[in-house]
Amino acid sequence: MWKRKEDEEAEGGPVKPQSGFGGMPQGRSDSPRVTAPVGGPAHLGRSVVIKGELTGSEDLYVDGTLEGTIQLPGSNLTVGPNGRVRAGIHARGVIIEGKVDGDIEASERVELRKTAVLMGSIVTQRVVIEDGAYFKGGVDVKKAAPAPIQPRPEMKHEPAPAASSAAAASGSASQGKAPVLEQKKS
């Protein structure tokens, strides 16, 4: 009961942190502070109301109310069953379970679940509309961006002796221009 501070520390008992100004502990705590769940999408709950522009680079789950614009160009947006969105949406993938009033542009996929209500147009590569979903608007299915064309490795062609003599006779060698195949040597 009347133990000294050093005795409590040695026994591993409860030790009050040293207080600085305002009763706040001084120094850093040993455990890191986690502000959001690791590996999951950011979550906007039912009571959250946002008006304005929302941009980000991580997946987002909206179960509240959002008005304005949503820009998630490399990420997915999920509008939960309680979500109400009045916004233009630009994302990689969009899943709707609630109500959306606005145009959607998704680089990969848009999915309307059976409880979805969408009033607006869709521009995407793939569309999934479950039975029971309500959709009023237009759909523009765009093709996937073609993979970059890789140049074929050029084969070295040695001109035939007759071709060399024909080139010399035509005067191209006298003008200082070599045949095209000889100029592309690596």
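The values are calculated or read from the model by the stated rules, or taken from the named source; none is laboratory data. This is a predicted model, so every value here is computed, not measured. All Cβ positions, glycine included, derive from the backbone under ideal geometry; neighbour counts span all protein chains shown.
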Q: Can you tell me which residue among L72, L118, L66 is modelled with pLDDT of 95 or more and either under 23 Å from H43 (Cα atoms) or touching a Phe, Trp or Tyr at 6+ places or on another chain (Cβ under 6 Å) (or both)?
A: L118
Q) Which condition number does E53 fail, the rest of (1) part of a strand (DSSP E or B); (2) among the acidic types (D, E); (3) closer than 22 Å to E111 by Cβ being met? A) (3)
**Q.** Matching residues in region 65-79 - criterion: being surrounded by fewer than 19 Cβ atoms within 10 Å (Cβ to Cβ) and either in a loop (DSSP other than H, G, I, E, B) or among the hydroxyl-bearing types (S, T, Y) (or both)
**A.** T69, S75
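Matching residues to (1) part of a strand (DSSP E or B); (2) surrounded by 18 or more Cβ atoms within 10 Å (Cβ to Cβ):
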{"site": "G88", "(1), (2)": "yes, no"}
{"site": "R92", "(1), (2)": "yes, no"}
{"site": "E108", "(1), (2)": "yes, no"}
{"site": "E111", "(1), (2)": "yes, yes"}
{"site": "T115", "(1), (2)": "no, no"}
{"site": "V123", "(1), (2)": "yes, no"}
{"site": "K143", "(1), (2)": "no, no"}
